[in-house]
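**Student:** This is the structure I have questions about; it appears just below.
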Amino acid sequence: MEYLVAGLLLATALTALNLLLTVAAMRRWRAHAAAPPDGGHQGHDHDHDPGRSGGGPELGIAPGDPMPAFTATDAGGATVTADGLAGRPALIAFLSLECPGCDDSVPGFAEHARRVRDDGGLVLATVVGVDAAGSDLAARLAGIADHVVPEFLDAPLGAAFGVRLYPGFVHYGPDGVATAAGLGLDELDAALRPAMP
């Protein structure tokens, strides 16, 4: 009987250790996936250069790319589609709960959002995470964006746009073509400055 108890305790301890290692590995993987390349430096002038490093743009979207077709449901239950954003400027933010830079980018995003809305445009923000809908980040964005779309870790809306890293921002013109895109707000600042008052 003593051997049975010892075996059960050993099996329990090994299972707990396995769980801890799995959680640690997942956190490290998410942090690595959410971190921009080049040691975390954001806002390179070449973030949108598809020829760099043999891959596509770091965000997955580049100026000149058309808006993909999509359908999503925002936190209030409203349906958001590409057709619903068509015909006017649109600003879209791709944010994650696992990304420290995402929370820090909210004030700058709010300023861009105000300008896009003043220009007759719409603002959409996605928040990726296990509890995205109930997060503080989603609550802060509710007063900034016309639509806040909470997404689970598979991020179907982000996948439709080809987003690979966070925080990502893209501005579309009324024709549905991206005019600015990048990690962080630097690309938007540079591209939209002449058009802004």
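**Student:** Looking at the stretch 44-64, can you tell me whether even one residue there is at pLDDT 90 or above and assigned to a loop (DSSP other than H, G, I, E, B)? Talk me through it step by step, then tell me what you get.
**Tutor:** Within the stretch 44-64, the first condition is being at pLDDT 90 or above, and the residues that meet it are 63-64.
Within this subset, residues satisfying the condition of being assigned to a loop (DSSP other than H, G, I, E, B) are 63-64.
Checked against the condition, which is being at pLDDT 90 or above and assigned to a loop (DSSP other than H, G, I, E, B), the stretch 44-64 yields at least one hit.
**Student:** For the stretch 160-171, give me the residue count where each residue is over 12 Å from I61 (Cβ atoms) and open to solvent by 20 Å² or more (accessible area, probe 1.4 Å).
**Tutor:** Step one: of the stretch 160-171, the residues over 12 Å from I61 (Cβ atoms) are 166-167.
Checking the rest, the ones that are also open to solvent by 20 Å² or more (accessible area, probe 1.4 Å) come to 166.
Result for the stretch 160-171: 1.
**Student:** Also, I was wondering about something else. Which of the residues spanning the stretch 65-77 are open to solvent by less than 60 Å² (accessible area, probe 1.4 Å) and assigned to a strand (DSSP E or B)?
**Tutor:** Initial filter on the stretch 65-77 (open to solvent by less than 60 Å² (accessible area, probe 1.4 Å)): 65, 67-68, 70, 72, 74, 77.
Of everything in the stretch 65-77, just one residue is open to solvent by less than 60 Å² (accessible area, probe 1.4 Å) and assigned to a strand (DSSP E or B), namely A72.
**Student:** Related question: With the stretch 85-197 as the region, which helices (runs of 4 or more DSSP H) entirely inside it contain at least 2 residues that are touching a helix residue (DSSP H, G or I) at 6+ places or on another chain (Cβ under 8 Å)?
**Tutor:** Values: elements: 100-104, 106-118, 136-142, 156-161, 186-192.
In the stretch 85-197, 100-104, 106-118, 136-142, 186-192 are the helices (runs of 4 or more DSSP H) which contain 2 or more residues that are touching a helix residue (DSSP H, G or I) at 6+ places or on another chain (Cβ under 8 Å).
**Student:** Scan the stretch 78-121 residue by residue and report those that are farther than 18 Å from A190 by Cβ, buried (at least 21 other Cβ atoms within 10 Å of the Cβ) and over 17 Å from the mean Cα position of the chain (by Cα).
**Tutor:** L85
**Student:** May I pose another question? Taking only pairs six or more apart or across chains, which ones have beta-carbon atoms under 8 Å, a first residue in the stretch 67-79 that is among the hydrophobic types (A, V, I, L, M, F, W, C), and a second residue that is part of a loop (DSSP other than H, G, I, E, B)?
**Tutor:** M67/A86; M67/G176; A75/A133
**Student:** Here is a follow-up. Quick check on my filter: what residues within the stretch 137-154 are out of contact with any Ser or Thr (no Cβ under 7 Å at 6 or more places or on another chain) and open to solvent by less than 20 Å² (accessible area, probe 1.4 Å)? Can you show your working first?
**Tutor:** Quick first cut of the stretch 137-154, residues out of contact with any Ser or Thr (no Cβ under 7 Å at 6 or more places or on another chain) only: 137-148, 150, 152-154.
Across the stretch 137-154, the qualifying residues are L137, A138, L141, A145, V148.
**Student:** Right, another one. Which is more than 19 Å from D83 (Cβ to Cβ) and of a type in the set (D, E, K, R), of D175, D146, D119? Show your work before the answer.
**Tutor:** Numbers: D175 fails: more than 19 Å from D83 (Cβ to Cβ); D146 fails: more than 19 Å from D83 (Cβ to Cβ).
Result: D119 is the single residue among D175, D146, D119 that is more than 19 Å from D83 (Cβ to Cβ) and of a type in the set (D, E, K, R).
The values are calculated or read from the model by the stated rules, or taken from the named source; none is laboratory data. Quantities reported herein were computed from a predicted structural model and do not represent experimental measurements. Here the Cβ is made from the backbone with ideal geometry for all residues, glycine too, and neighbour counts use every protein chain on show. Calculation scope for accessible area: heavy atoms of the full protein, side chains included, ligands and nucleic acids excluded. Shrake-Rupley method; radii C 1.70, N 1.55, O 1.52, S 1.80 Å.
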